[in-house]
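The values are calculated or read from the model by the stated rules, or taken from the named source; none is laboratory data. Source: prediction; values computed, not measured. Neighbour counts are summed over all protein chains in view; Cβ atoms, including those assigned to glycine, are modelled from backbone coordinates with ideal geometry. Ligands, DNA and RNA are stripped out before the accessible areas are found, and what is left, the full protein with its side chains, is counted by its heavy atoms. Shrake-Rupley method; radii C 1.70, N 1.55, O 1.52, S 1.80 Å.
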Amino acid sequence: MNNLEREIRALIETQGPLEVSRYMALCLSHPKYGYYTTRDPFGMSGDFTTAPEISQMFGELIGVWCAEVWRLMGSPSRVALVEAGPGRGTLMKDALRAAQVMPGFLNAAELHFVETSPVLQEKQRETLHGAVPSIAWHGETNTLPDAPLIVIGNEFVDALPIGQFEKKAGRWHERKIGLGADGGFAFGLDPAPLPDFEKQMPERLTPAPNGAVFEQRDLTPISEIVSRIGKCGGAALFIDYGHAESGFGDTLQAVSGHDYAEPLEAPGEADLTSQVDFEALAALANKRVRAIGPFTQRDFLTQLGIEVRAEILQRNAKDEMRDEIGTALTRLIGPAPGMGELFKAIAFAHRDLPRLPGFDGAKISGDA
Ligand code: SAH
């Protein structure tokens, strides 16, 4: 039994079963034993590989996106360039190199990282050493400066904790984690029903059938960013795996060593995520801030010119590298089960911004 398992067991024994959201938060971000708190999980030797770790093209295109958004904002003399959950810092390193094409942008940009993991903060410091004059780290979004901002977050939202709810005999109950008959952790339902729970769902999903599971994510960091954009101007871009429309289903998933793991076993030793509900994200739009998208990752990266970028890189590469670039391109924009369709991009933009690169033809919410 690991330390976190011992601690969670004691919590259940004294306070009763834990919400899935509480369990997820402990597994990922416990100050001593959390998954991200204790390790760098990325890459071949780690647990999973993210888009910026697959190819430099991903970060480069996002860098150009940021620079172009800054230009569309009217090239302000100061802009907070914010990344939420920067991982190893690879995306930002590639982004800053590519953003040099936009004169003035890097002089105006002040770098802010939202990152809870001390191990990853250190890794980010190493990766960006020499690339920027300074980086400010934040444990939460509420300490970001009151300045126009451009925010990016790749695979950040999927790590925000979700609550799970299930309909049984006509009533909704929260799913909780308690101790099962064999003494291990087990899912169960809180006996107290939640009246009016269906009012929080899109109407087309109701009345829900018995057995339906609904996931609700704590989007506080994202709503914080959206209200800051409303107040100070700017835009945000989030890319993640998930579904364009809200629906039912248990999507909690543990991944370890590039393979699926059991979410209730060895807490804190596997990555724990769930699919992002992009309809719920888009619903954060308001009178001042529009939500644009979601677009599939393929549509977004293709509009930004990833195929042209791949061709240029291939032209300048040696034979084996040429194949590698082609493989990376297919991984990033390929159809399901590839990332091109599974992953989606959504943006938030202050309504003063006329349009955003990469989202031509995308759905716009919050235009009221
Ligand atoms: N963007 C990176 C890493 C994605 S993994 C990439 O694409 O490779 C998720 C990242 O978010 C990690 O850096 C993790 O430490 C951070 N993170 C997770 N939950 C967080 C939270 N609640 N607040 C701040 N950072 C968080």
task = Please verify whether region 24-37 includes one or more residues that are more than 9 Å from the ligand (Cβ to nearest atom), part of a helix (DSSP H, G or I) and either open to solvent by less than 10 Å² (accessible area, probe 1.4 Å) or among the small types (Gly, Ala, Ser) (or both).
result = yes
query = Among Ala84, Ala95, Ala108, which is among the aliphatic types (A, V, I, L, M) and away from the ligand (no atom under 16 Å from the Cβ)?
reply = Ala108
request  = Test Glu224 against the criterion of being touching a strand residue (DSSP E or B) at 6+ places or on another chain (Cβ under 7 Å) and closer than 30 Å to Pro41 by Cβ, and give yes or no.
outcome  = no
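Can you tell me which residue among Pro76, Pro41, Pro52 is over 21 Å from Leu128 (Cβ atoms) and not acidic (Asp, Glu)? First the steps, then the outcome.
Numbers: Pro41 fails: over 21 Å from Leu128 (Cβ atoms); Pro52 fails: over 21 Å from Leu128 (Cβ atoms).
Result: Pro76 is the single residue among Pro76, Pro41, Pro52 that is over 21 Å from Leu128 (Cβ atoms) and not acidic (Asp, Glu).
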query = Tell me, which strands (runs of 3 or more DSSP E) wholly within region 254-368 include 2 or more residues that are surrounded by fewer than 18 Cβ atoms within 10 Å (Cβ to Cβ)?
reply = 259-261
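For the condition more than 9 Å from the ligand (Cβ to nearest atom), among the β-branched types (Val, Ile, Thr) and buried (at least 20 other Cβ atoms within 10 Å of the Cβ), what is the one hit in Val79, Val101? Don't jump to the end; show me each part of the working.
Values: Val101 fails: buried (at least 20 other Cβ atoms within 10 Å of the Cβ).
Unique residue meeting the criteria: Val79.
Does Ala10 fit the bill of being within 16 Å of the ligand (Cβ to nearest atom), at pLDDT 95 or above and either closer than 24 Å to Leu353 by Cα or not charged (D, E, K, R) (or both)? Break it down stepwise before answering.
Numbers: within 16 Å of the ligand (Cβ to nearest atom): no; at pLDDT 95 or above: yes; either closer than 24 Å to Leu353 by Cα or not charged (D, E, K, R) (or both): yes.
Here the answer is no, as Ala10 does not meet what is asked.
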Residue pairs meeting the criteria (Cβ under 6 Å; at least 6 apart or on separate chains; first free of Cβ contacts under 8 Å to residues at least 40 places away in the same chain, in region 322-333; second assigned to a helix (DSSP H, G or I)) = Arg322/Gln314; Ile333/Arg298; Ile333/Leu301; Ile333/Gly340
task = Kindly establish whether Gly183 is modelled with pLDDT under 95, closer than 23 Å to Ala80 by Cα and out of contact with any strand residue (DSSP E or B) (no Cβ under 8 Å at 6 or more places or on another chain).
result = no
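Any residue at all in region 182-200 that is of a type in the set (A, V, I, L, M, F, W, C) and under 25 Å from the mean Cα position of the chain (by Cα)? Steps first, answer last, please.
Initial filter on region 182-200 (of a type in the set (A, V, I, L, M, F, W, C)): 185-187, 189, 192, 194, 197.
Next, only the ones that are under 25 Å from the mean Cα position of the chain (by Cα) stay: none.
No, that holds for no residue.
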message = Can you confirm whether Pro52 is under 18 Å from the mean Cα position of the chain (by Cα), open to solvent by 10 Å² or more (accessible area, probe 1.4 Å) and either within 14 Å of the ligand (Cβ to nearest atom) or touching a residue at least 60 places away in the same chain (Cβ under 8 Å) (or both)?
response = yes
task = Please go through region 111-131 and pick out each residue that is open to solvent by less than 80 Å² (accessible area, probe 1.4 Å), in contact (Cβ under 8 Å) with a residue 24 or more places away in the chain, within 14 Å of the ligand (Cβ to nearest atom) and farther than 12 Å from Val82 by Cα.
result = Ser117, Pro118, Val119, Leu120, Lys123, Gln124, Thr127, Leu128
message = Here are the criteria: (1) within 14 Å of the ligand (Cβ to nearest atom); (2) open to solvent by less than 10 Å² (accessible area, probe 1.4 Å); (3) touching a helix residue (DSSP H, G or I) at 6+ places or on another chain (Cβ under 6 Å). Tell me which single one Thr90 does not satisfy.
response = (2)
task = Restricting attention to strands (runs of 3 or more DSSP E) lying wholly within region 132-234, give those where 3 or more residues are surrounded by 14 or more Cβ atoms within 10 Å (Cβ to Cβ), within 16 Å of the ligand (Cβ to nearest atom) and not basic (Lys, Arg).
result = 135-138, 149-154
inquiry  = Of the residues Pro86, Pro52, only one is at pLDDT 95 or above and assigned to a helix (DSSP H, G or I); which?
reply    = Pro52
Condition check for Ser45: outside any helix (DSSP H, G or I), within 15 Å of the ligand (Cβ to nearest atom) and open to solvent by 20 Å² or more (accessible area, probe 1.4 Å) = yes
